[in-house]
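Okay, so here's the structure we're looking at.
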Amino acid sequence: MGVNGDPKEPTGWDIAVAVNAALKGMLGAMGQSGHVCREAIAVTVRLDTERGYTDLLQQITDAVRGRVQPGDTVVVAEKLVAAAQGRLGPAEILTSPDPKTVDAATREALAEKWSRHCGFPVTPLHLLLADEFTHPEHGAMATLGCADHNGAAYDLAAAIRAGTDVPADVVISDTDTGIDVRTPLIGTLTLGATPVGATGGLNLYECMRCACAAEFVRGHDRGIPIVLCRPARRCADRPRTGAHRGYSGALDRDREGALTYG
């Protein structure tokens, strides 16, 4: 199940996990939850994506320095990472036609078209993640999804560890869930937001929980590109915190096994 295959109906367990992650994420945003996200802390900052990907990692590290604690999960908006990587294309990507209004075969053809036009790889997943972006020089454009979501999450976790000496996990999240095209973005149902990439200290359910909590805090236009999800004490010391996920690209349930610990 995912953007490159035929959609499968989610199981009852998939639905239960997604609903619980969304509800517990909402409680976390209110500071009334537990587990991997006891509370969610807004980091209000302006990030300059024009300075490039490496500089963006440093900007985020500077923004969380003195605030991030061991075991936190740093959730970053996917759109910003894509923009900093230079994955920008014309605004027409969103309208000629809108990738969310076509079938899978047409979206595949559009991905090939925009790959040729933009000069970098574009997949159907990238098209579903495409979003509006205002470039300071070129005006209206579109972001085209992060090049390697899990790799970018690891890069940021490593930068934070190097710059603050704090071990933290990272989730790169997007507001899209694929429900409008019946195509779960990471191979399992997500509600409210989707964790598209992450480091190794979280299972998929925990990633979903943090992505949802961050989405409720971040909103649409509050100027909050970063959210710190602070865990309950018992969940702060997690094996493989900040480690690479073990595979490149976006999160993929088929490469993960169980959604939770069970």
### Summary
If R0 = 30 Å, then residue 23 and residue 182, at their Cβ-Cβ distance, give a FRET efficiency to the nearest 0.05 of 0.85
### Task
Calculate the spin-label point distance for residue 116 paired with residue 102, positioning each point 7 Å from the Cα along the beta-carbon direction, and give it in nanometres.
1.3 nm
### Message
Among 218-228, 28-38, how do they line up by average Cβ neighbours within 10 Å per residue, starting with the highest?
### Response
28-38, 218-228
### Equivalent-ellipsoid semi-axes of region 27-86, from the Cα gyration tensor, Å, largest first
25, 12, 9
### Query
Within straight cross-link reach of residue 100, meaning Cα distance under 17 Å, which aspartates and glutamates are found once same-chain residues fewer than 8 apart are removed?
6, 92, 108, 112, 131, 132, 174, 176, 180
### Task
May I ask for the Kirkwood hydrodynamic radius of region 88-143, worked out over all distinct Cα pairs and given in angstroms to one decimal?
11.2 Å
### Query
Quick one: what does P(r) look like for the chain with 10 Å bins over all Cα pairs, in whole %?
8, 33, 37, 19, 3, 0
### Query
Quick one: with all protein chains in place, what share of the accessible area of region 88-143 is carbon or sulfur, to the nearest percent (1.4 Å probe)?
53 percent
### Whole-percent pair-distance distribution, where bins are 5 Å wide, for the alpha carbons of region 182-240
4, 16, 26, 23, 18, 11, 3, 0
### Reciprocal mean inverse distance between Cα atoms of region 86-238 - Kirkwood radius, Å
16.7 Å
### Query
How large is the dipole of region 88-143 about the Cα centre if only Lys and Arg carry +1 and Asp and Glu carry -1, each at its Cβ, rounded to the nearest 20 debye?
140 debye
### Task
Quick one: which residues, 5 or more positions from residue 197 or on another chain, have an amide H under 5 Å from its amide H? H modelled 1.01 Å from N in the peptide plane, none for Pro or chain starts.
172, 251
#### Entry: Neighbourhood charge, 14 Å Cβ-Cβ cut-off, centred on residue 57 and excluding it, Lys, Arg +1 and Asp, Glu -1
-2
### Query
Membrane-span-like helices in the chain: DSSP H runs reaching 15 Å or more (Cα, own axis), mean Kyte hydropathy at least 1.0?
12-29
### Query
Unpartnered cysteines of the chain (Cβ-Cβ under 4.7 Å counts as a partner)?
118, 146, 207, 212, 235
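The values are calculated or read from the model by the stated rules, or taken from the named source; none is laboratory data. Note that the structure is a prediction, hence the values are computed from the model and not measured. Don't worry about glycine lacking a Cβ; one is built from the backbone with ideal geometry, like all the others, and counts go over all protein chains shown. Each accessible area value is taken on the protein alone, full model and side chains, heavy atoms only, with ligands, DNA and RNA left out. Shrake-Rupley method; radii C 1.70, N 1.55, O 1.52, S 1.80 Å.
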